[in-house]
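The values are calculated or read from the model by the stated rules, or taken from the named source; none is laboratory data. Everything numeric here is computed off the predicted structure, so don't read it as measured data. Cβ: placed from backbone, ideal geometry, glycine included. Neighbour counts: every protein chain shown.
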Amino acid sequence: IPGRHSYAKYNDWDKIVAWTEKMVERYPEMVSRIKIGSTAENNPLYVLKIGKKDDKRKAVFMDCGIHAREWVSPAFCQWFVYQATKSYGRNKIMTKLLDRMNFYVLPVLNVDGYIWSWTQDRMWRKNRSKNQNSTCIGTDLNRNFDVSWNSNPSTDNPCWQTYRGPAPESEKETKAVTAFIRSHLDSIRAYITFHSYSQMLLFPYGYTTKLAPNHKDLVKVAKIATDVISTRYETRYIYGPIASTIYPTSGSSLDWAYDLGIKHTFAFELRDKGRFGFLLPESQIKPTCKETMLAVKFIARYILKHTS
Amino acid sequence: MAPVRFDREKVFRVKPQDGKQASVLKGLTKAHELDLWYPDAIHDVAANITVDFRVSEKDSQAIQSTLDQNKMQYKILIHDVQEEIEKQFDVKDG
C-alpha cells in the first residue's frame, strides 16, 4: 500500500497511480482515467480526462514528466487536476472552462525513467529502453517525435543524454502519446508540456529558426501568460520560440504537435533559474504550481475564446 | 543494485565569452562525460550561452584548474549534489 499522497511533496509512481484511482472515485462525473498504452517496462500510461463526457468539445492536452529527473513537472500535473476538481463550482473561471472544454492530463509520460530516478539514479533523464549494439540505456523521449527527427548530430549516440532513439516514434511511450493525440485531433486545440528548469515559456519552432505562421498570436499569448505568472510571486519568465530562446532542437513533442495541426503548443520550463536546478525543494512546489496555474488557466481561456 | 550517490559532486555554471572558451568547455564535456543540465546537449554549448553541468568529485579539481587556466569565469551552483537531493524533501508529512 503506497504511503500518503501529498500535493506539497514529490510523489513516487505508486502514489501517483493510487492518486489517479482516488480522483476517479471521488469525482466520477468529472474525472475519468484512460490507459493510452504502456511503457518499455510494461508500466501503464494513464491520461486523466477532466471535464464532461462530451468528446466533441474543445480540449487541451497536457503532459508532464517527459524527462525523468524534472520532478516538479509531474507535481504540477497533479496540482492541476486537484485544483480543477476542487474549484469546479467554486471558482468562476475554472467552472466556465470545465463547462465548455476538456483537459487531458498525462501526469507522468516517462514512467520508467521516473521510477528509476526515484529508486536508482536521481539524475536519470531518458526512458529505460534497451539499445541495440550498446550497453547504454534509454532514449530521450523529447527527441523521439517524428519532426525533423534526424537533423541534429548530437542525438545519435545511445550513450548521450539526448539520444533520439533508433527511429522516430521508436519508443512505446512516444507511440502511445502520438496515437492518443492523433485520435483526438478534432477536439484538441492546445498542447502544453511541462519541463524544468530555467523559467521559460516556449513555443515552436525548435527545429528551425523560421517563425511559426501564427507567431504573433503565440507571442501575444506567451507574453500575457508570463506576465500573469509574475503577478503572484514576481517570478520572472522569458518567452519565445525554442530555437532562438534556448537552442535549436529536433524531434520535440512541441514541434510535432504543432506540425500535426495543433496551433497553440507551449512548453513551460518551470522553476528555478539554477539555484537548485532539477533538485527544487518540496517547499517550492506549491508556489511554483500556484503561479503556473494562473498561466495555464489564461491559455485555456484564450483557447476557448479564440479558436474555432 | 544500490542507488547511485552523488556525494560532493558539484554543479558548475560557466558562460564562455568567445569561441575559444566554448571549445574548451566542449572539450571538457567530452573528456569527462559531464552531465549537462543546461543546455542539454554538447552541440548547443556556444559563446555567450550559460552552461550548467554536473561534475563528479573526482573530476571537479581538474575541471576547476582548466577553467582557471583558460581564465574562464565560473560559479559553483551546487557544492554537494547528494546534500541537495536530501534537502529536496523539506516538507514534513501531515
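Filter region A:175-206 down to residues that are part of a strand (DSSP E or B) and away from chain B (no Cβ under 14 Å), then give me how many there are.
Matching residues across region A:175-206 total 9.
For (1) within 27 Å of residue A:165 (Cα to Cα); (2) within 14 Å of chain B (Cβ to nearest Cβ); (3) not in a loop (DSSP other than H, G, I, E, B), each residue gets a yes or a no:
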position	(1), (2), (3)
A:208	yes, no, no
A:224	no, no, yes
A:229	no, no, yes
A:249	yes, yes, no
A:255	yes, no, yes
A:288	no, yes, yes
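If you go through region A:1-33 and keep only what is in a loop (DSSP other than H, G, I, E, B) and either under 24 Å from residue A:284 (Cβ atoms) or within 14 Å of chain B (Cβ to nearest Cβ) (or both), you end up with A:2, A:3, A:4, A:5, A:6, A:7, A:8, A:9, A:10, A:11, A:12.
Please verify whether region B:13-21 includes one or more residues that are at pLDDT 95 or above and at the interface with chain A (Cβ under 7 Å from one of its Cβ atoms). Checking region B:13-21: at least one residue is at pLDDT 95 or above and at the interface with chain A (Cβ under 7 Å from one of its Cβ atoms).
Of the residues making up region A:132-149, those that are more than 19 Å from the chain's Cα centre (by Cα) and under 18 Å from residue A:254 (Cβ atoms) are A:148, A:149.
Is it true that residue A:104 is closer than 19 Å to residue A:172 by Cβ, touching a helix residue (DSSP H, G or I) at 6+ places or on another chain (Cβ under 7 Å) and of a type in the set (Ser, Thr, Tyr)?
It is false that residue A:104 is closer than 19 Å to residue A:172 by Cβ, touching a helix residue (DSSP H, G or I) at 6+ places or on another chain (Cβ under 7 Å) and of a type in the set (Ser, Thr, Tyr).
Screening the candidates B:91, B:24 for the property of being at the interface with chain A (Cβ under 9 Å from one of its Cβ atoms) and either among the β-branched types (Val, Ile, Thr) or without any contact (Cβ under 8 Å) to a residue 40 or more places away in the chain (or both) yields one hit, B:91. Counting only residues that are part of a loop (DSSP other than H, G, I, E, B), at negative phi and crowded, with 22+ Cβ neighbours inside 10 Å, how many does region A:130-146 have? Result for region A:130-146: 4. Of the residues making up region B:53-75, those that are in a strand (DSSP E or B) and away from chain A (no Cβ under 11 Å) number 2. Considering region B:14-33, and only residues there that are of a type in the set (Lys, Arg) and in a helix (DSSP H, G or I), the residue that is surrounded by the most Cβ atoms within 10 Å (Cβ to Cβ) turns out to be B:26. Given the criterion crowded, with 23+ Cβ neighbours inside 10 Å and within 14 Å of chain B (Cβ to nearest Cβ), identify the matching residue among A:47, A:72. A:72 is the lone residue from the list that is crowded, with 23+ Cβ neighbours inside 10 Å and within 14 Å of chain B (Cβ to nearest Cβ). Is at least one residue of region B:63-83 without any contact (Cβ under 8 Å) to a residue 12 or more places away in the chain and touching a Pro at 6+ places or on another chain (Cβ under 9 Å)? Checked against the condition, which is being without any contact (Cβ under 8 Å) to a residue 12 or more places away in the chain and touching a Pro at 6+ places or on another chain (Cβ under 9 Å), region B:63-83 yields no hits at all.
Does residue B:3 fit the bill of being modelled with pLDDT of 95 or more and more than 12 Å from chain A (Cβ to nearest Cβ)? No: the conditions fail for residue B:3. Contact annotation: residue pairs with Cβ atoms under 7 Å, 6 or more positions apart or on different chains, pairing a residue in region A:120-132 that is in contact (Cβ under 8 Å) with a residue 60 or more places away in the chain with a partner that is charged (D, E, K, R) and outside any loop (DSSP other than H, G, I, E, B), are A:123/B:35; A:123/B:54; A:127/A:112; A:127/A:173; A:128/A:112. Look at (1) within 12 Å of residue A:81 (Cα to Cα); (2) outside any strand (DSSP E or B) and you find that residue A:49 fails only one, number (2). Residue A:268 meets the conditions (1) of a type in the set (A, V, I, L, M, F, W, C); (2) closer than 20 Å to residue A:182 by Cα; (3) assigned to a strand (DSSP E or B); (4) more than 14 Å from chain B (Cβ to nearest Cβ) in every case but one. The failed one is (2).
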